[in-house]
Amino acid sequence: MAAQAGELVLITWLLRPLDRLPLKSAALAEAGRKSVEGMLRLQAPRLRAHDTAIQRGDKHGCTHSHTVAPLADVSRALQAAALAAPSGRGGGAWHIPGKLHIVRIGSTREDLERVAGYLSRDPDCRFDLPEDHPDCLQAHEQELARKRSGARSPRLTWFKLPRDW
């Protein structure tokens, strides 16, 4: 995406109302996708490409999405917020306080690989805690119970790329 569109941004969209839904459920996947796509229609009306992942936990402490998109494709207001703030890890700015955060992604291979890894990890951020942390152990127990029940984990990531890329 960076090779085709230039500088990229990471848009974090907090989805607190979806915390009531089980993380790995079809209901959350559908509601999350609708919310993210609605936000993107407003905040990135010229969007040609994006890669999105829904996750729960982490520093946000709630259900949230991360969307990678070309800086040039987001609204002028979002561009201004991203350009005025520090870029990279720990940077960015809240465009809608407590709801939408944007940060420019560095252009090095390491920066792009870090973001790709972040988007492709398990959506339950409790797995990122130390292995002996009670919340991590609970996440493992819940995942084992889900697998034993035969329940499938729906797709919580998706992307859009133009055919000519």
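Would you confirm whether any residue within the stretch 9-16 is within 12 Å of the chain's Cα centre (by Cα), open to solvent by 20 Å² or more (accessible area, probe 1.4 Å) and at negative phi? Taking every residue of the stretch 9-16 in turn, at least one turns out to be within 12 Å of the chain's Cα centre (by Cα), open to solvent by 20 Å² or more (accessible area, probe 1.4 Å) and at negative phi.
With respect to (1) crowded, with 16+ Cβ neighbours inside 10 Å; (2) not in a helix (DSSP H, G or I), the lone exception for residue 81 is condition (2).
Return the total of residues in the stretch 92-114 being of a type in the set (Lys, Arg) and over 15 Å from the mean Cα position of the chain (by Cα). Please lay out each step first, then the result.
Quick first cut of the stretch 92-114, residues of a type in the set (Lys, Arg) only: 99, 104, 109, 114.
If we keep only those that are over 15 Å from the mean Cα position of the chain (by Cα) too, we end up with 109.
Looking only at that region, the number is 1.
For the stretch 40-50, does any single residue satisfy the condition of being surrounded by 19 or more Cβ atoms within 10 Å (Cβ to Cβ) and assigned to a helix (DSSP H, G or I)? Yes.
If you check 90, 98, which single one turns out to be outside any helix (DSSP H, G or I) and open to solvent by 60 Å² or more (accessible area, probe 1.4 Å)? Outline the logic, then answer.
Values: 98 fails: open to solvent by 60 Å² or more (accessible area, probe 1.4 Å).
Testing whether each residue is outside any helix (DSSP H, G or I) and open to solvent by 60 Å² or more (accessible area, probe 1.4 Å) leaves just 90.
When residue 68 is tested against (1) modelled with pLDDT of 95 or more; (2) farther than 30 Å from residue 152 by Cα, only condition (2) is not met. Does at least one position in the stretch 107-117 carry a residue that is touching a strand residue (DSSP E or B) at 6+ places or on another chain (Cβ under 7 Å), over 24 Å from residue 33 (Cα atoms) and part of a helix (DSSP H, G or I)? Yes, the stretch 107-117 has at least one match.
Residue by residue, here is whether (1) modelled with pLDDT of 85 or more; (2) of a type in the set (Gly, Ala, Ser) holds:
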| residue | (1), (2) |
| --- | --- |
| 105 | yes, no |
| 114 | yes, no |
| 120 | yes, yes |
| 124 | yes, no |
| 140 | yes, no |
| 152 | no, no |
| 160 | yes, no |
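Restricting attention to the stretch 143-160, the residues being open to solvent by 90 Å² or more (accessible area, probe 1.4 Å) and touching a residue at least 12 places away in the same chain (Cβ under 8 Å) number 3. Against the condition part of a helix (DSSP H, G or I), open to solvent by 30 Å² or more (accessible area, probe 1.4 Å), modelled with pLDDT under 95 and on the phi < 0 side of the Ramachandran plot, how does residue 24 come out, does it pass? Answer is no for this residue. Could you look through the stretch 123-136, keep only residues that are free of Cβ contacts under 8 Å to residues at least 60 places away in the same chain and not in a helix (DSSP H, G or I), and pick out the one that is surrounded by the most Cβ atoms within 10 Å (Cβ to Cβ)? Checking each candidate, the answer is 129.
The values are calculated or read from the model by the stated rules, or taken from the named source; none is laboratory data. Keep in mind that what you see is a predicted model, and the values were worked out from it rather than measured. Reconstructed Cβ throughout: ideal geometry from the backbone, glycine too, with neighbour counts over all protein chains shown. Just the protein is used for accessible areas: all its heavy atoms, side chains included, with ligands, DNA and RNA removed. Shrake-Rupley method; radii C 1.70, N 1.55, O 1.52, S 1.80 Å.
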